[in-house]
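Below is one structure, written out as structure tokens; comments come after it.
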Amino acid sequence: MDKSKALFTKAKKYIPGGVNSPVRAFRAVGGVPKFIQRGKGPFVWDVDGNRYLDFMMSWGPLILGHADRKVMKAVSDQAKKGTSFGAPTENEVELAELIQAAFPSIQKVRLVSSGTEAVMSAIRLARGATGRKKIIKCDGGYHGHADSLLVQAGSGVATFGVADSRGVPEDLAKLTYSIPYNDPETLEQILKKHAREIACFILEPVPANMGVVLPKKGYLEKVRALTKRYGVVLIFDEVITGFRIAFGGAQEKFGVHPDLTCLGKILGGGLPIGAFGGRKELMNHLAPEGDVYQAGTLSGNPIATAAGITTLKQLRSHGFYKKLNSKSERFYEFLNSEIKKYAIPVTLNRIGSCFTLFFTERPVTDFRTAKYSNVKRFARYFHRLLAAGIYMAPSQFEANFISDVHKPSDLKQAGKMISKTVRML
Ligand SMILES: *Cc1c(COP(=O)(O)O)cnc(C)c1O
């Protein structure tokens, strides 16, 4: 009896592809997705009773692990008082204050219900504030599924081979330039030629949706200097990196500050949320202050904000990131020593508590080099680990996450299993 299989068959009858977000269908790795019943700490259990050490962590939000006691209490306390009012609440103000304290570049912030919505709204704001139409993004940069950004996108789009989704009008896609990450020269060329038509440059400061890729030394500084010189709004999409690689995200870690920032994932502690914010002169273009329209029935939802507040308060406690990052570093050091010892043809990219093991020996510094990876080997690796009770993100072009509740002993065991698995592929 395999309940996941039975559920998937039924799901496909009612839901396109059986899933509500494409990568969940395991198309990139083949096979039948596990239907998850519950999670606790670093573990999830599927409907057939199998337990997995989880490195996907709901694609990043669960930095405190599954079903964190304090977050669960905040959620149930709030649920008893009501789920949504469509009127302002104290929670929204408190969460905005916490965001501002974490991200000094965010003078004003607006809450929405997903990362996609945050990015979509930030782009509209940049266009509205500058009166320009065109935008620049990076190849393999994933920013949710807003029309303008489904051009050379990473994450699920990367493995599905739809560089451009159908349904995105060519007239719109044409307004998006896509350039390689870590390539300030190409950025400068485009800005030199077209700056007057360009509203913004949006990028993941540390891309995680082509797998984890690190900025070359000085790249982010160069990006900041160029966008400033040419008067183009710089948007950091920190939906993954925000509250992940440092409390104040990549901008804290690298000391480079954008005009606008998009947040999501960890911000909601596992509930649907997103946010975008930045300099107040820019943010004041938003309705009702200004004339760029943006709204949401469930924006700033009381339960999502309660989960977010409780999550952020735990993250800002002294030494949180130091502990998480040094535990993660020991795990990477072990993996790297095994890779070296056995001359395993892989590359481990990592920062803080997120990492990707690429199935290529060549350095991965952008989307083009990420694609050197042998995705067939990746698929075998993924399934063998899954069978051994380790749940990695089901695609090569994704990040994996370590949470506060992954014990060093869990990581040690996982490290040994990963090494053994890649050696025997
Ligand atoms: C996940 C993600 C998004 C989209 O967020 P959703 O909540 O899935 O809409 C946007 N940008 C980045 C960098 C992401 O990782």
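Points to keep in mind about this one:
- Within the stretch 1-53, restricting attention to residues that are touching a residue at least 60 places away in the same chain (Cβ under 8 Å) and in contact with a strand residue (DSSP E or B) (Cβ under 8 Å, 6 or more places away or on another chain), the residue that is nearest to residue 144 (Cα to Cα) is 34.
- Exactly one residue out of 249, 274 is within 13 Å of the ligand (Cβ to nearest atom), more than 22 Å from residue 351 (Cα to Cα), of a type outside the set (Lys, Arg) and in contact with a Gly (Cβ under 6 Å, 6 or more places away or on another chain), and it is 274.
- Residue within the stretch 251-265 that is farther than 22 Å from residue 318 by Cα, out of contact with any Ser or Thr (no Cβ under 6 Å at 6 or more places or on another chain), small (Gly, Ala, Ser) and surrounded by fewer than 24 Cβ atoms within 10 Å (Cβ to Cβ) present: no
- The stretch 359-370, subset in a loop (DSSP other than H, G, I, E, B) and free of Cβ contacts under 8 Å to residues at least 60 places away in the same chain, residue nearest to residue 414 (Cα to Cα): 359
- Candidate set from the stretch 166-218 (those that are among the hydroxyl-bearing types (Ser, Thr, Tyr) and within 16 Å of the ligand (Cβ to nearest atom)); member that is nearest to residue 257 (Cα to Cα): 181
- Of the criteria (1) open to solvent by 10 Å² or more (accessible area, probe 1.4 Å); (2) over 15 Å from residue 64 (Cβ atoms), which one residue 278 fails: (1)
- Within the stretch 286-324, considering residues that are among the aromatic types (Phe, Trp, Tyr) and in contact with a strand residue (DSSP E or B) (Cβ under 9 Å, 6 or more places away or on another chain), the one most open to solvent (accessible area, probe 1.4 Å): 293
- Residue match in the stretch 130-149 (condition: closer than 23 Å to residue 185 by Cα, within 9 Å of the ligand (Cβ to nearest atom) and touching a His at 6+ places or on another chain (Cβ under 7 Å)): yes
- Restricted to strands (runs of 3 or more DSSP E) entirely inside the stretch 254-358, those with at least 1 residues that are without any contact (Cβ under 8 Å) to a residue 40 or more places away in the chain are 347-351.
- Counted residues, the stretch 1-25 - those being surrounded by 16 or more Cβ atoms within 10 Å (Cβ to Cβ) and aliphatic (A, V, I, L, M): 5
- Qualifying residue in the stretch 197-218 (condition: at pLDDT 95 or above, closer than 26 Å to residue 394 by Cα and small (Gly, Ala, Ser)): yes
- Residue list for the stretch 26-46, filter: under 22 Å from residue 408 (Cβ atoms) and open to solvent by less than 30 Å² (accessible area, probe 1.4 Å): 39, 41, 42, 44
- Within the stretch 252-271, considering residues that are aliphatic (A, V, I, L, M) and more than 15 Å from the chain's Cα centre (by Cα), the one nearest to the ligand (Cβ to nearest atom): 260
- Yes/no for residue 117 being of a type in the set (D, E, K, R), open to solvent by 10 Å² or more (accessible area, probe 1.4 Å), part of a helix (DSSP H, G or I) and within 14 Å of the ligand (Cβ to nearest atom): yes
- Considering the stretch 54-84, the residues that are touching a residue at least 60 places away in the same chain (Cβ under 8 Å), more than 23 Å from residue 391 (Cα to Cα) and of a type in the set (Ser, Thr, Tyr) include one that is least open to solvent (accessible area, probe 1.4 Å), namely 84.
- Subset of the stretch 369-404 (residues that are open to solvent by 10 Å² or more (accessible area, probe 1.4 Å), closer than 19 Å to residue 46 by Cα and among the small types (Gly, Ala, Ser)): 387, 388, 389
The values are calculated or read from the model by the stated rules, or taken from the named source; none is laboratory data. Note that the coordinates shown come from a computational prediction; the quantities given were computed from them, not determined experimentally. Cβ coordinates were reconstructed from backbone atoms using ideal geometry, including for glycine residues, and neighbour counts include every protein chain displayed. To get the accessible areas, we keep the full protein, side chains included, count just its heavy atoms, and leave off ligands, DNA and RNA. Shrake-Rupley method; radii C 1.70, N 1.55, O 1.52, S 1.80 Å.
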